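**Q** Pasting in a structure now, in structure tokens, and then I'll have a few things to ask.
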Amino acid sequence: MTQIIDGKKISQEIKDELKEKVAAYKANGKEISLAVILVGNDPASQVYVGNKKKACEYIGIKSLSYELPEETSEEELLKLIDKLNNDPSVNGILVQLPLPGAIDEEKVLNAISPLKDVDGFHPMNVGALCIGKEGFVSCTPAGIIELLKRSGVEIAGKECVVVGRSNIVGKPMSLLLLRENGTVTVAHSKTRDLKEVTKRADILVVAIGKPKFITAEYVKDGAVVIDVGIHRNEDKKLCGDVDYESVAPKCSAITPVPGGVGPMTIAMLMNNCIHSVELNK
């Protein structure tokens, strides 16, 4: 019987634990705040920002919202980030991506203080992850580790295959699985005999960005499959990078889309905000 890994339930557990932590900080006179910057009016970004605000409200984190017009210049945005970097009452800074075309995303993300980079995208935090030092970890991969652990999946000694090598998911995911003593292979669009590589996986994490790309013939019997993708199919229904209907019967455990990895990303963002208090001591 395939275990359906319930990201909604697990993310709620994490948020409830964080709520208690925040209440304890407040009892000691410490308020935690997250600054969220949105440039322009991209509808998907507005939804994501709204969800982050709701999570802050639930947990008890103060949410500072900066909604800037589309025509905001790079210089104005960098000035705001500098101001927030130097504001001791701000624990975390998040710039919602994508940014308008005239703004250099890399320059903006690098301008955020590594001690307030709750998205875990700053080169210093990525470097810290590489060498096993303290720092912020990218929220989606961190959430996947929590999904596995809280679902009773042992990582140590397992063959782990990550399909995708993006800076946001694929690369940090492989490093986190290594940290948990998994044996890790990173596969991508240039990997030869991809099916043979993925069929070795005890734990298969798919972040390839192609709807229903991974079918049953890519997966070995009894594997744990984590689907990071999110797309709308021809019927406008949400689906992932994994063809759930054909793959699920072969797995020991699998994440659905929606309701799998997605809810974990915001839960881990909230976790990073609280972790920032420790990092900034």
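**Q** From the cross-link list K19/K210; K158/K190; K15/K107; K21/K116, which pairs have alpha carbons spaced over 27 Å apart?
**A** Details: K19/K210 36 Å; K158/K190 24 Å; K15/K107 32 Å; K21/K116 19 Å.
Over 27 Å apart, Cα to Cα: K19/K210; K15/K107.
**Q** If you average the C-alpha positions of region 216-281 and of region 27-52 separately, how far apart do those two centres end up, in angstrom?
**A** Each part's Cα centre sits 22 Å from the other's.
**Q** Quick one: Kirkwood hydrodynamic radius for region 29-113, alpha-carbon pairs, angstrom, one decimal?
**A** Evaluated on region 29-113, it is 13.3 Å.
**Q** For the pair V277/Y25, report the inter-label distance in nm, with labels modelled 7 Å from Cα in the Cβ direction.
**A** Taking the simple label geometry, V277 and Y25 are separated by 0.5 nm.
**Q** Distance from a point 7 Å along Cα→Cβ of R179 to each backbone N in region 85-120: keep the residues under 18 Å and list them by number.
**A** Taking a point 7 Å out along Cα→Cβ of R179, the residues of region 85-120 whose backbone N falls under 18 Å are 114-120.
**Q** With just the Cα atoms of region 139-262, tell me how far they stretch along each of the three principal axes, in Å, largest first.
**A** Dimensions of region 139-262 along the principal axes of its Cα atoms: 41, 30, 29 Å.
**Q** Rounded to two decimals, what ratio of Rg to Rh does the chain give with C-alpha atoms and a Kirkwood Rh? Before the final figure, lay out each step's value.
**A** Values: Rg = 19.1 Å, Rh = 19.6 Å.
When Rh is taken as the Kirkwood radius, the ratio is 0.97.
**Q** Next question. If you take the charge dipole of the chain about its Cα centre, with +1 on Lys and Arg Cβ and -1 on Asp and Glu Cβ, which of A23, P263, S252 is farthest toward its positive end?
**A** S252
**Q** Quick check on the chain: of the DSSP beta bridges with both residues there, what percent are antiparallel, nearest 5%? Can you show the working numbers first?
**A** Numbers: 2 of 32 bridges.
About 5 percent, rounded to the nearest 5.
**Q** Counting just the Cα atoms, what span does region 32-73 cover along each of its three principal axes? Round to the nearest Å and put the largest first.
**A** Per principal axis, max minus min of the Cα coordinates gives 33, 19, 7 Å.
**Q** Give the Kirkwood hydrodynamic radius (Å, one decimal) of region 66-112, defined as one over the mean of 1/r across all pairs of different Cα atoms.
**A** Mean inverse Cα-Cα distance, inverted, gives 11.2 Å.
**Q** Under the 0.36 nm per residue contour assumption, what length would be gained going from the current alpha-carbon distance of E17 and D87 to full extension?
**A** Value of the extension gain: 22.5 nm.
The numbers here are math on the coordinates, done by the rules we state, and not lab data. This structure is a prediction, so every number in the text was calculated from the model and none was measured. Every residue, glycine as well, gets a Cβ built from its backbone with ideal geometry; the counts of neighbours run over all protein chains shown.
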